[in-house]
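Undergrad: Once you've had a glance at the structure underneath, I'll fire off some questions.
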Amino acid sequence: MSSIRYAPIRGQHARWRVIGERLSAQNAAPGDTVVAREGLEQGKVLVLLGVRDRVVVADEVAADVEAVLGSGNVDIRVLDAGHEVPIERVDECVGAIWGFWDCA
């Protein structure tokens, strides 16, 4: 609920582009540089979407995310769920997150 109340949920392409540029720099940097060491551990952002979500349309969001972050900087998973993805597919969400973190 606080995301809806306080977070900007639309028109944030410029801010997301900054994240994408940072990830691109991190992924291009040699492993022993500060840029590589201080970035996101996986060098990507994980996005979980529901194929039956009528509010957050998976195809549209996936295209937007890849456009602003860069396709190499994002891992998009579309699960068989509606808008309540983490509630409908708890095990799949946890599995996707653990796999993304390489904890599985």
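Undergrad: If each residue of separation counts as 0.36 nm, what is the full-extension length gain between Asp32 and Glu60 once their alpha-carbon separation is subtracted?
TA: Between Asp32 and Glu60, full extension yields an extra 6.4 nm.
Undergrad: Any idea what % of Cα-Cα pairs in the chain are farther than 25 Å?
TA: Of all Cα-Cα pairs in the chain, 27 percent lie more than 25 Å apart.
Undergrad: Quick one: which residues, 5 or more positions from Leu46 or on another chain, have an amide H under 5 Å from its amide H? H modelled 1.01 Å from N in the peptide plane, none for Pro or chain starts.
TA: Distant-sequence amide H within range of Leu46: Asp75.
Undergrad: How much length is gained if the chain between Gln12 and Asp102 is pulled fully straight, taking 0.36 nm per residue apart and subtracting their Cα-Cα distance, in nm to one decimal?
TA: That pair, Gln12 and Asp102, stretches by 29.5 nm at full extension.
Undergrad: Taking the Cα centre of the chain as origin, sum charge times position over the Cβ atoms of Lys and Arg (+1) and Asp and Glu (-1), and report the length of that vector in debye to the nearest 20.
TA: My answer is approximately 420 debye.
Undergrad: Rounded to the nearest 10 degrees, what's the angle between the helix 90-100 long axis and the longest principal axis of the chain, both from Cα atoms, 0 to 90?
TA: 10
Read-outs: derived from the displayed coordinates by stated rules, not from any lab. These numbers come from a predicted model, not from an experiment. Note that we place each Cβ from the backbone using ideal geometry, even for glycine, and neighbour counts take in every protein chain shown.
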